[in-house]
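This report refers to the structure that appears directly beneath it.
The values are calculated or read from the model by the stated rules, or taken from the named source; none is laboratory data. Just so it is clear, the structure is predicted and the values come from calculations on it, not from any experiment. Don't worry about glycine lacking a Cβ; one is built from the backbone with ideal geometry, like all the others, and counts go over all protein chains shown.
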């Protein structure tokens with residue numbers, strides 16, 4: 001009987017981890033799949049979304065309305081930063097892989113130092129927009145964590161519909177399959193790249209808005225989401241959206257269950273071993289998509 005409450009707690013934490021990880025990794029996978037570049041500043045877009053949410057909460061008194069405003073303001077602000085960076089830097093270096101890695105690392109440090117200089121080094125807490133407990137015989141389940149899971153799933157569904165049904169989504173899929181052919185059929189590839197880079201940043205910022213009431217906003221909080229997102233993208237197959245979501249479920253539930261039931265350190269070791277074994281068996285990832 002003592003195992004059941006620990007198992008329920010582990011499942012809840014795993015569901016939260018998986019939903020946020022799926023959102024964050026989806027943005028990174030989208031950028032790599034379409035643009036074929038590695039965005040080393042992806043974790044900092046996540047961090048900026050959390051910091052903007054904190055700043056909004058300091059201005060708006062009501063936690064609910066602060067959250068509602070941040071859901072719109074944070075992705076728009078972070079997306080604008082990413083769009084401008086693409087226009088000023090990435091287009092100038094023509095999206096060359098090595099130069100893009102260096103440029104986004106520079107953006108990573110610029111974002112960290114800017115937040116450190118303006119907000120400070122301390123972690124900042126944000127009140128959840130809704131607070132209620134679902135009572136169980138052993139403990140109460142935080143209602144906000146369930147809200148996070150539901151909202152994250154809705155956002156993932158919206159992104160799937162956007163990629164499958166919209167014209168821009170069609171352009172993204174066509175460019176991912178064959179950039180030269182898409183360009184020959186009139187797809188504005190360079191403009192599309194800027195939209196994709198901004199969209200990936202906005203998805204990461206949205207994930208941060210959802211999770212910052214559970215965690216805390218901090219100028220170094222982007223490091224773990226970046227590392228875990230790369231693990232998920234590599235495990236699922238570079239450029240595979242379906243693989244990214246399935247790998248996020250595998251890594252999120254594996255990390256969450258082992259962290260709660262055993263130890264967080266062992267969870268990281270298990271995730272690392274899983275990635276190593278997959279790369280040995282399938283170097284292209286579990287669900288890598290063929291591109292031409």
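Just a few scattered comments:
- Failed criterion for residue 105 (all others in (1) over 21 Å from residue 190 (Cβ atoms); (2) surrounded by fewer than 18 Cβ atoms within 10 Å (Cβ to Cβ); (3) in contact with a helix residue (DSSP H, G or I) (Cβ under 9 Å, 6 or more places away or on another chain); (4) in contact (Cβ under 8 Å) with a residue 24 or more places away in the chain hold): (3)
- Filtered residue count, segment 83-114, keeping only those that are assigned to a helix (DSSP H, G or I) and either within 17 Å of residue 36 (Cβ to Cβ) or touching a strand residue (DSSP E or B) at 6+ places or on another chain (Cβ under 9 Å) (or both): 11
- Segment 22-50: number of residues that are outside any helix (DSSP H, G or I) and closer than 15 Å to residue 221 by Cβ: 1
- The conditions of being touching a strand residue (DSSP E or B) at 6+ places or on another chain (Cβ under 6 Å), buried (at least 24 other Cβ atoms within 10 Å of the Cβ), within 26 Å of residue 227 (Cα to Cα) and modelled with pLDDT of 95 or more are met by residue 50.
- For segment 246-255, filtered to residues that are farther than 15 Å from residue 23 by Cβ and surrounded by fewer than 23 Cβ atoms within 10 Å (Cβ to Cβ), the residue that is modelled with the lowest pLDDT is 254.
- Residue match in segment 258-275 (condition: without any contact (Cβ under 8 Å) to a residue 60 or more places away in the chain, in contact with a helix residue (DSSP H, G or I) (Cβ under 9 Å, 6 or more places away or on another chain) and within 13 Å of residue 22 (Cβ to Cβ)): no
- Checked against the criterion of being surrounded by 15 or more Cβ atoms within 10 Å (Cβ to Cβ), touching a residue at least 60 places away in the same chain (Cβ under 8 Å) and within 19 Å of residue 54 (Cβ to Cβ), segment 153-160 contains not a single residue that satisfies it.
- Residue 243 being in a helix (DSSP H, G or I), modelled with pLDDT under 85 and farther than 22 Å from residue 283 by Cα: no
- Filter pass, residue 217 being closer than 23 Å to residue 146 by Cα and surrounded by 19 or more Cβ atoms within 10 Å (Cβ to Cβ): yes
- All positions within segment 61-89 that are under 18 Å from residue 40 (Cα atoms), free of Cβ contacts under 8 Å to residues at least 40 places away in the same chain and surrounded by 13 or more Cβ atoms within 10 Å (Cβ to Cβ): 89
- Complete set of residues in segment 180-209 that are part of a helix (DSSP H, G or I) and out of contact with any helix residue (DSSP H, G or I) (no Cβ under 6 Å at 6 or more places or on another chain): 180, 181, 184, 190, 191, 195, 199
- Residue check, residue 143 under 30 Å from residue 50 (Cα atoms), crowded, with 20+ Cβ neighbours inside 10 Å and either over 19 Å from the mean Cα position of the chain (by Cα) or in contact (Cβ under 8 Å) with a residue 24 or more places away in the chain (or both): no
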